[in-house]
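Every number in this text was worked out from the coordinates using simple rules, so none of it is lab data. These numbers were taken from a predicted model, which means no experiment stands behind them. So basically every Cβ, Gly included, is an ideal-geometry build from the backbone, and we count neighbours across all protein chains shown.
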Amino acid sequence: MLRSTDIPLLYVDCDIPDGMTLVEWRRTNDAAARRTRDEARSARPKRRLLPRLAPQPVLRPRFL
């Protein structure tokens, strides 16, 4: 039977700084990405919306 001391530890390089959890790192990255998206959206020229037409009645034949 394997014991936890028999299992080798593998270390992987990552962007998460020491002392920060994965959840905190994701929150900061997501917040930064959201801010850049919002800034890009506000920098775009505003589109002028066309007025909506009134709904037209549906014409159906009476002899169906």
Only one of (1) assigned to a loop (DSSP other than H, G, I, E, B); (2) surrounded by 10 or more Cβ atoms within 10 Å (Cβ to Cβ) is not met by ASN29, so which one is it?
-> (1)
All-but-one check, ASP18 against (1) assigned to a loop (DSSP other than H, G, I, E, B); (2) surrounded by 10 or more Cβ atoms within 10 Å (Cβ to Cβ), failing number (2)
